[in-house]
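Structure first, then comments.
The values are calculated or read from the model by the stated rules, or taken from the named source; none is laboratory data. Predicted, not measured: the structure shown is a model, and the values here were computed from it. Note that each Cβ is placed from the backbone with ideal geometry, even for glycine, and that neighbours are counted across all protein chains shown. The area values use the complete protein model at the heavy-atom level, side chains included, leaving out ligands, DNA and RNA. Shrake-Rupley method; radii C 1.70, N 1.55, O 1.52, S 1.80 Å.
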Amino acid sequence: MSDFNQPLGGNEMPRFGGPATMMRLPTQETAAGLDAAFIGVPLDVGTSNRPGARLGPRQIRDESRMLRPYNMATRAAPFDSLQVADIGDVPINTFHLPKSMDIITAFYDEVLAHGCTPLTLGGDHTVTLPILRAIAKRHGPVGLIHVDAHADVNDHMFGESIAHGTPIRRAQEEGLLDSRRVVQIGLRGTGYAADDFDWCRDQGFRVMTAEQCWYKSLEPLMGEVREQMGDGPVYITFDIDGLDPSVAPGTGTVEAGGLTMPQGLEIVRGAWGLNVVGGDLMEVAPPYDPSGNTALMGATLLYEMLCVLPGVMRRN
């Protein structure tokens with residue numbers, strides 16, 4: 001019998017039964033003794049269009065019941081390699097966004113103090129900023145693989161410096177990112193000015209628009225990204241609206257012409273071998289996801305992030 005926690009199997013309990021945790025894993029109150037933890041942040045106070053991402057963590061967990069422990073494509077066996085559990089949700093303040101930022105950072109400070117790698121179920125993309133604040137305290141400025149329809153580098157939104165369209169700009173300004181090792185993939189849509197993405201390029205970020213990704217495999221791109229990232233710490237942040245709305249309609253700010261799900265898998269799987277110190281999947285909004293497909297895509301991408309963490313073995 002393995003000493004590692006295992007997801008509850010579909011032959012032990014029907015998949016529509018059992019605990020409503022990520023992959024029906026065991027739960028615990030803290031990250032003590034864990035190599036990796038799934039954490040929900042049910043916050044959408046920072047959204048600018050359609051709300052609902054506060055319900056994302058619960059729905060992602062529900063749809064994750066279809067995931068099994070072994071990755072048949074990459075041969076990754078995360079539950080034979082790491083101790084993993086679902087440690088529940090961060091108790092954010094529903095009525096005060098700045099206060100929630102501090103609550104989230106403090107929560108992740110404690111998770112990281114246990115040497116545990118966090119994988120986050122969002123929540124709107126504002127949440128990535130306080131997580132990066134905690135990550136940078138422990139690891140220093142990180143490389144970033146950012147998949148998104150939007151650059152999230154607004155200076156302000158309605159006069160506010162903290163919102164789901166500002167986290168990458170704030171993270172850069174606060175010195176949380178190693179700008180030589182930041183890549184943004186899937187950016188697209190309409191803008192307010194022709195140079196909307198140029199701020200990113202001016203920082204030294206690599207920008208791959210969605211149009212540059214159309215009709216091709218992203219494996220060659222990820223080979224270049226691995227070279228760019230080197231041995232330094234890397235964080236993965238994946239906004240589900242990076243995928244095309246035909247694949248993932250359940251989100252707040254949909255944009256036409258996005259990535260396919262196979263391309264999303266290529267991006268995350270392409271991080272294998274990097275020093276991945278955390279990851280998140282943001283902006284699943286269940287009210288606009290009647291089939292549950294968006295949440296299932298999100299759950300699958302989070303599982304794939306688990307599969308590329310350092311220390312995960314691959315079965316021959």
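On the basis of being touching an Asp or Glu at 6+ places or on another chain (Cβ under 9 Å), open to solvent by 20 Å² or more (accessible area, probe 1.4 Å) and either more than 23 Å from P167 (Cβ to Cβ) or not β-branched (V, I, T) (or both), does A194 make the cut? Answer is no for this residue.
Any residue in region 163-181 that is touching a Gly at 6+ places or on another chain (Cβ under 9 Å), surrounded by fewer than 18 Cβ atoms within 10 Å (Cβ to Cβ) and within 15 Å of I145 (Cα to Cα)? The answer is yes; a qualifying residue exists. Residues satisfying the criterion are absent from region 128-145 (criterion: in a strand (DSSP E or B) and hydroxyl-bearing (S, T, Y)).
Of the residues that sit in region 123-168 and are among the hydroxyl-bearing types (S, T, Y) and in contact with a strand residue (DSSP E or B) (Cβ under 7 Å, 6 or more places away or on another chain), which one is farthest from Q228 (Cα to Cα)? Ranking the qualifying residues of region 123-168, first place goes to T166. Selection of region 231-264 for residues being among the small types (G, A, S) and out of contact with any strand residue (DSSP E or B) (no Cβ under 8 Å at 6 or more places or on another chain) yields S246, A248, G250, G252, A256, G257. Scanning region 123-162 for residues that are among the small types (G, A, S) and within 22 Å of A32 (Cα to Cα), we see that the one that is surrounded by the most Cβ atoms within 10 Å (Cβ to Cβ) is A134.
Can you tell which of A285, A295, A271, A299 is open to solvent by less than 10 Å² (accessible area, probe 1.4 Å), modelled with pLDDT of 95 or more, more than 15 Å from L121 (Cα to Cα) and not β-branched (V, I, T)? After applying the criteria, what remains is A271.
Which count do you get for residues in region 10-67 that are within 13 Å of D89 (Cα to Cα) and in contact with a His (Cβ under 6 Å, 6 or more places away or on another chain)? Of the residues in that region, 1 qualify. Considering region 87-102, and only residues there that are open to solvent by 50 Å² or more (accessible area, probe 1.4 Å) and not in a loop (DSSP other than H, G, I, E, B), the residue that is nearest to P57 (Cα to Cα) turns out to be D89. Look through region 1-49, keep the residues that are within 12 Å of A85 (Cβ to Cβ), assigned to a loop (DSSP other than H, G, I, E, B) and among the β-branched types (V, I, T), and return whichever of them is least open to solvent (accessible area, probe 1.4 Å). Per the stated criteria, the residue is T21.
Go through region 199-244 residue by residue and tally those that are aliphatic (A, V, I, L, M), assigned to a helix (DSSP H, G or I) and either open to solvent by 10 Å² or more (accessible area, probe 1.4 Å) or more than 26 Å from Y303 (Cβ to Cβ) (or both). So the count comes out to 1.
Taken over region 15-36, the criterion of being of a type outside the set (S, T, Y) and closer than 19 Å to A295 by Cβ is satisfied by R15, F16, G17, G18, P19, A20, M22, M23, R24, L25. Against the definition (aliphatic (A, V, I, L, M), buried (at least 22 other Cβ atoms within 10 Å of the Cβ), in contact with a Pro (Cβ under 6 Å, 6 or more places away or on another chain) and modelled with pLDDT of 95 or more), how does L187 come out, yes or no? When the stated conditions are applied, L187 does not pass them.
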